[in-house]
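Below: one structure, written as structure tokens.
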């Protein structure tokens, strides 16, 4: 038997399964239909809407989704993950941005503060316009360590002097997720493995 070829088949499977970049795209419309959005405790007095897969938060709203509603795992290690999304604000809230956390609300922890009059959170990314979409790519490994279970969308505006400020998100994607959330599904890899073994067996039969 040609064990060298069989070994090559195993090696090819390992290389392919480890090199596939995993990704998760957040479908706001599907989440809205499944009631996956939750109001942050003691903070939210506003509301959210989802139209054409665009999430919009109106006056003073903090809404979070659980990671396991988007990705298979209940918590995710974002050590090599890039968070990408488009963001738009109709004015200047106190805090407008996104948070990765393990609790419903932690004002000063892991908040990417894109626009606002308050300087809380991480201020390395800035939204400098009004009513226009701006794209952000955030390498979470530069800011976070450990595992996290919630993504919170923030329009903090509890003292905005009556201003009606909306913030919106679209095209939210996580790429290069860790192996615990890797894509493709195991069934896809199993089919690929069977194909490799079948090809290897055919080659060995021809040589015997």
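The values are calculated or read from the model by the stated rules, or taken from the named source; none is laboratory data. Since this is a predicted model, take the numbers as computed values, not measurements. Cβ sites come from the backbone with ideal geometry, for glycine too, and all protein chains shown count toward neighbours.
I'm told residue 55 meets every condition in (1) in a loop (DSSP other than H, G, I, E, B); (2) at pLDDT 90 or above; (3) surrounded by 15 or more Cβ atoms within 10 Å (Cβ to Cβ) except one. Can you identify the failing condition by its number?
Unmet condition: (1).
Given the structure, is residue 109 part of a loop (DSSP other than H, G, I, E, B) and modelled with pLDDT of 95 or more?
Numbers: part of a loop (DSSP other than H, G, I, E, B): yes; modelled with pLDDT of 95 or more: no.
No, not satisfied.
If I ask for residues that are at pLDDT 75 or above and either assigned to a loop (DSSP other than H, G, I, E, B) or outside the structural domain of residue 84 (by TED's automatic domain parsing) (or both), which ones from the range 160-183 would you list? Steps first, please.
Just the residues of the range 160-183 that are at pLDDT 75 or above, to begin with: 164-176.
Once the filter is applied, which keeps residues that are at pLDDT 75 or above and either assigned to a loop (DSSP other than H, G, I, E, B) or outside the structural domain of residue 84 (by TED's automatic domain parsing) (or both), the range 160-183 yields 164, 165, 166, 176.
Hey, residue 136 hits all of (1) at pLDDT 95 or above; (2) outside the structural domain of residue 69 (by TED's automatic domain parsing) but one; which does it fall short on?
(2)
Before we move on, is residue 81 surrounded by fewer than 20 Cβ atoms within 10 Å (Cβ to Cβ) and either at pLDDT 85 or above or not assigned by TED's automatic domain parsing to the domain that holds residue 157 (or both)? Full working, then the answer.
Details: surrounded by fewer than 20 Cβ atoms within 10 Å (Cβ to Cβ): no; either at pLDDT 85 or above or not assigned by TED's automatic domain parsing to the domain that holds residue 157 (or both): yes.
Considered against the rule, which asks whether it is surrounded by fewer than 20 Cβ atoms within 10 Å (Cβ to Cβ) and either at pLDDT 85 or above or not assigned by TED's automatic domain parsing to the domain that holds residue 157 (or both), residue 81 comes out as no.
Look at residue 190 and say whether it is outside the structural domain of residue 102 (by TED's automatic domain parsing), at pLDDT below 55 and crowded, with 16+ Cβ neighbours inside 10 Å. Before the answer, list the steps.
Details: outside the structural domain of residue 102 (by TED's automatic domain parsing): yes; at pLDDT below 55: yes; crowded, with 16+ Cβ neighbours inside 10 Å: no.
Taking the combined requirement at face value, the residue does not satisfy it.
Just checking, does the range 128-151 include any residue being free of Cβ contacts under 8 Å to residues at least 24 places away in the same chain, over 21 Å from residue 53 (Cα atoms) and part of a loop (DSSP other than H, G, I, E, B)?
Scanning the range 128-151 turns up at least one residue that is free of Cβ contacts under 8 Å to residues at least 24 places away in the same chain, over 21 Å from residue 53 (Cα atoms) and part of a loop (DSSP other than H, G, I, E, B).
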